[in-house]
Structure formats: C-alpha cells, structure tokens
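Only the coordinates and a few stated rules stand behind these numbers; no lab work does. Since we're looking at a predicted model, the values are computed, not measured. A quick note on method: Cβ atoms are made from the backbone with ideal geometry, for glycine too, and the neighbour counts reach across all protein chains shown.
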Amino acid sequence: MSPTGPHGAGARTTRSAATSCPVTSPATRPSVTRPRVALVTGANKGIGRAVARQLGERGMRVYLGARDEERGRTAERELREGGLDARCLRLDVTDESTVGLAAKRIEEESGRLDVLVNNAGVGSSSHVPSRTSADEVRQTFETNVFGVVTVINALLPLLRRSDAGRIVNISSMLGSLTALADDRDPTGALPPGSLPPPTGYSTSKAALNALTVLYARELHEDGILVNAACPGFVATDINGGQGHLTPDQGARIPVLLATLPEGGRTATFIGSDGSPAGVELPW
Ligand SMILES: NC(=O)c1ccc[n+]([C@@H]2O[C@H](COP(=O)([O-])OP(=O)(O)OC[C@H]3O[C@@H](n4cnc5c(N)ncnc54)[C@H](OP(=O)(O)O)[C@@H]3O)[C@@H](O)[C@H]2O)c1
C-alpha cells in the first residue's frame, strides 16, 4: 500500500493564481516516502475540515477544496500550524473551470490522487414535494449531485494513477429510500416519525447513492473503492448547529472509508452508530 505511483508527490509548489490560496508557512518537507494525497471538497469548515485534519494526521498531503477562499485560507493556516501538509485549493464544485484548475494543480504538485472525499453539500427546505419548487430541487442537485460527477470525472485520471484509489461520497441517511419509505432512521439517532421531508436534499442524496454504486461498479477493475458515508447528525452550519455529534465525530466514518485497505469494501453505504466499523445502511 505504499504511495509510490508513477508521478509521486514532488516538492514543487507552483500554483495557478486562479486556484491558489496564499500559503502562510512552508509545509513541504523533503521526504523519502511519498505521502498519500487526498482532496476533500467543502473542507473550509464543518465535517469537511475535520475529515481533512484527520487525513492529514494520518500523514497524508491534503488539498482543502474551498469555495469560500477566506475560510479556506483560515483552515489551511490552522492545519499547517498543527504540522500538517494542508493546501488550500479554490474549488466550487458547480464551476467546472475551478474543478479543472484544481485537478491541474494537484497533477503539477503531486502527480496523482489517492483519496477523494466528496463532502461539499447544501441543504434544502423541509417542505413536502408538493410545496417544493423544481428550481429548489435543481439547485440542490447542482451541488450535491452534478458537482460530484464533475469533480469525480475531472479527478479520475489522477485517481487511476494511485495504487489504492478511494472515493468517499458524503451522503445522508435522508437519502436512503428504505429509511424514507419506513419513515425511520436506521441509526436510531432520530425517533420514529420524526424524519422531516427535505425534498431537494433527500432526492439529491438518493441520487448520490445511486452514483456511488455505479462508480463503484465501473471503477472496481481499477482498484478504486467507492463508498457512501453518513456522518451521523452533526452540529454544523447545514442544520443550524442542531446535531448531537461534533464534526470530529462525524468525520470518523468518512475517514474509515478513505483509508480502507486493499480489497476493502466497495459500493456500500456506512453510517455512524458509535461502533468502530459503523453500521451498513440500506440504500
Ligand atoms: N451535519 C450533518 O448532520 C450531516 C448529516 C449527513 C450528511 N451531511 C453532509 O455532510 C457534508 C458536509 O456538511 P456539513 O454538515 O459539514 O455542513 P457545512 O458546515 O454547511 O459545510 C458544507 C461545506 O460544503 C461547502 N460547499 C457548499 N456548496 C459548495 C460548492 N458549490 N462548492 C464547494 N463547496 C461547497 C461549504 O462551503 P462554503 O463555506 O463556501 O459554503 C462548506 O464547506 C454535506 O454533504 C452534508 O450533506 C451532514
């Protein structure tokens, strides 16, 4: 599982102005072993930032995809102050040009990508379908679904250069058709009947789950494992801080799936139930 792809991480730090956040302190160190390389989208706050930090703490070089550059720079600075190789990357998943430039920079600096965590996501109103506009559903899909397709397809050439590619899609129990049909949270975090019907969000995460299975099947031959993670109910901006888990706790299952060993699971949907391996959720 050594990170020795043909285009391993070099010490180059050339940055395109369009995709760079300024670097506040040098973090590139000469190293005999090449670090594994990860990209986390939406890494400037919340669960994404916690995932990025935990991957960095495992010795990875972590690119922090950030739509909001100001917050991205702050996250980069904090992680680098902790000794991690964190690199802020301007990346709006709904903007193909920033995605393309992000892929170009990762290729120039690191030559390959080992881990892609599609974390960037937006919520939607909790209205029932008949009170939800098609435009709201479309807006939610732009980030939570089409953005993921854009990012995966742009990064696939770099992931294929890895000897152990991993893709983790941050989904939600609210995207489980089984949970929605039963009106029941299989993780037990929410009491029966309490599921709100956030139409745009739930349908987008259900579509993301379908994409997870389809990419997993396609990329199996390349040795790239593709899984979906539900982080649990985490206190972040997306739910106005109502969750009962911390972002660090929510990052646990995504990090587990991002660091699966060779021959590990693929095309699964894993949720947080407090156990080390998490719980397999129904699609
Ligand atoms: N919190 C929970 O209980 C929970 C449960 C299940 C699943 N999730 C999922 O976990 C993921 C992270 O959410 P969170 O809870 O950490 O919420 P959050 O704190 O609101 O973070 C969302 C992140 O996504 C980024 N983002 C949104 N649209 C983007 C775009 N077009 N391009 C790039 N980045 C974009 C945001 O960046 P900006 O700063 O630019 O807005 C932010 O960094 C989401 O996919 C969410 O659906 C969360």
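Beta-bridge orientation, the chain: approximately 10 percent antiparallel, per DSSP, counting only bridges with both partners inside.
Given axes a ≥ b ≥ c from the Cα gyration tensor, I'd like to know whether segment 37-118 is rounded (a/c under 1.5), prolate (a/b larger than b/c) or oblate. Don't skip to the end; give the middle numbers.
On the way: a/c = 1.66, a/b = 1.20, b/c = 1.38.
It is oblate, given that a/c is not under 1.5 and a/b is not larger than b/c.
Extension gain, GLN139-ARG265: 0.36 nm per intervening residue step, less the Cα-Cα distance, totals 42.2 nm.
The relative contact order of the chain comes to 18 percent, based on Cα pairs under 8 Å that sit 6 or more residues apart.
Taking 12 Å as the cut-off, the amide N atoms of segment 254-283 that come nearer than this to a point 7 Å along the Cα-to-beta-carbon line of ASP182 belong to 280-283.
The modelled label-to-label distance for the pair ARG58/GLU280, using points 7 Å beyond Cα in the direction of Cβ, is 2.1 nm.
Globularity index of segment 159-283 is 1.05 (Cα radius of gyration / 2.2 N^0.38 Å, N = number of residues).
Computed from the C-beta positions of ARG160 and GLU108, the FRET efficiency with R₀ = 22 Å rounds to 0.80. Over every Cα atom in the chain, the radius of gyration and the widest Cα-Cα span, Dmax, amount to 17.9, 59 Å.
Once the Cα atoms are used to define both axes, helix 147-159 deviates from the longest principal axis of the chain by about 30 degrees.
Between ARG217 and SER130, the simple spin-label model (points 7 angstrom out along Cα→Cβ) gives 3.5 nm.
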